[in-house]
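One structure is given below, encoded as structure tokens.
The values are calculated or read from the model by the stated rules, or taken from the named source; none is laboratory data. Nothing here was measured: the structure is a model prediction, and the numbers come from that model. As a convention, Cβ positions derive from the backbone with ideal geometry for all residues, glycine included, and neighbour counts pool all protein chains shown.
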Amino acid sequence: MSKDVKPYVPPRRPLVRGRPPRFGRDDRRIETRLILTETEDGHKWDAMMFRPRFAPAEDRVAALVIHGSVGNYLQGMPRRLAFGLAHAGVPVLTANTRMANYGAFFGTGLLDRVPMDIDAAVAALRRRGYRRIVLVGYSMGSTMVTHYQARHAPAEVVGVCTIAHPLSLPGSLRRRWERFGSEPSYNEMARIVQRGMGGTDDGAKDRIVIVERASGPSTRPEHAEIWTYRTWWHSRGPEALSAESRRWVGILRVPLALIQAGSDLLIPRDEGVQLAKLARDGGCPEVHLEYVEDADHVFTDRQDLAVEAARRWITGLVGVAPEHAR
């Protein structure tokens, strides 16, 4: 090294200034562990276990949290739920699925195959000795856990808690695209996809479609969406039955909580009422409907209220001792 070149010396203080992350100072009361879940079709997904240090080992109860659209297991509501429930004395596994991150863009995010991902996460909790599990889903995750429980109903699952639960994912998308005048329109997209797949579901025929004005009124990139033929068809297409919670809530035979955002532009307020009625009419043993007022779909400045509503319902359902619910 030249005498004129000084060696790099790392700064003594962190480069990031300001207040620490909200949950950073809470970690010492929670044990966390990164795990991998493996599905029967050979995929592996990341998941994080959050366990309160003060929770008695004999409780053997846990929550399984599933993310929303283009989300992941440590972002937004799933992250808040993981910490909030763990601090209340409920161990949490927050897990990725094939719908996380860029699955919808790369063709791997097929909604009808998500039950294998949830099955793998349930199995991971089972191996760790948990015998009572509450499924918790946010947004699209609500759809996924409802469909999973309706079709599979493992013995360990004692309840389903959903947050910002849409009546129908295809219906919500169609309504949003019509509102902003998307190009292509919903019906045009259905024709493009059906024609492009040639009447088959062959991955080799998959293509990417960019939809302009999908989530906003302009042609700027942030208002566009990217889908492949197969990912759109299986999660938002007119025949995506696994994406229709209105078809599945009435099959649930465990208690259901619906925690909805009171000012959600993506999910009209009456959809919560319709889901609750469908569940009750179908024979669901217990249905709880609650609104977080003045909350948008991502619960901006209201996430703590949504987490608290979930905490109250879940701890009441599984009987976590009051001294742990803190």
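In the condition set (1) under 27 Å from ARG253 (Cβ atoms); (2) buried (at least 23 other Cβ atoms within 10 Å of the Cβ), ASN96 is compliant with all but (1). Residues of the stretch 222-245 that are surrounded by fewer than 16 Cβ atoms within 10 Å (Cβ to Cβ) and in a helix (DSSP H, G or I): GLU222, LEU241. Within the stretch 200-223, the residues that satisfy the criterion of being under 15 Å from GLU178 (Cα atoms) and within 25 Å of the chain's Cα centre (by Cα) are VAL211, GLU212, ARG213, ALA214, SER215, GLY216, HIS223.
Just one residue in the set ASP117, ASP112 is in contact with a strand residue (DSSP E or B) (Cβ under 7 Å, 6 or more places away or on another chain), among the acidic types (Asp, Glu) and either part of a helix (DSSP H, G or I) or within 24 Å of VAL292 (Cβ to Cβ) (or both); that residue is ASP117. Selection over the stretch 189-204 of residues that are assigned to a helix (DSSP H, G or I) and loosely packed, with under 14 Cβ neighbours inside 10 Å gives a count of 4.
Within the stretch 135-164, residues that are assigned to a strand (DSSP E or B) reach partners that are of a type in the set (Lys, Arg) with beta carbons closer than 7 Å, at six or more positions or on different chains, in the pairs VAL158/ARG132. Of ALA279, ALA295, ALA214, ALA257, all but one fail to be buried (at least 19 other Cβ atoms within 10 Å of the Cβ) and either in a helix (DSSP H, G or I) or acidic (Asp, Glu) (or both); the exception is ALA279. Considering the stretch 76-92, and only residues there that are out of contact with any Phe, Trp or Tyr (no Cβ under 8 Å at 6 or more places or on another chain) and not in a helix (DSSP H, G or I), the residue that is surrounded by the fewest Cβ atoms within 10 Å (Cβ to Cβ) turns out to be ALA88.
Looking at the stretch 58-75, is at least one residue more than 22 Å from TYR138 (Cα to Cα), assigned by TED's automatic domain parsing to the domain that holds PRO115 and either surrounded by 10 or more Cβ atoms within 10 Å (Cβ to Cβ) or at pLDDT 90 or above (or both)? Taking every residue of the stretch 58-75 in turn, at least one turns out to be more than 22 Å from TYR138 (Cα to Cα), assigned by TED's automatic domain parsing to the domain that holds PRO115 and either surrounded by 10 or more Cβ atoms within 10 Å (Cβ to Cβ) or at pLDDT 90 or above (or both). Can you report the number of residues in the stretch 111-123 which are more than 14 Å from THR37 (Cα to Cα) and surrounded by fewer than 22 Cβ atoms within 10 Å (Cβ to Cβ)? Residues flagged as more than 14 Å from THR37 (Cα to Cα) and surrounded by fewer than 22 Cβ atoms within 10 Å (Cβ to Cβ) within the stretch 111-123 amount to 2.
Scan the stretch 175-187 for residues that are farther than 11 Å from SER215 by Cα and assigned to a helix (DSSP H, G or I) and the total you get is 2.
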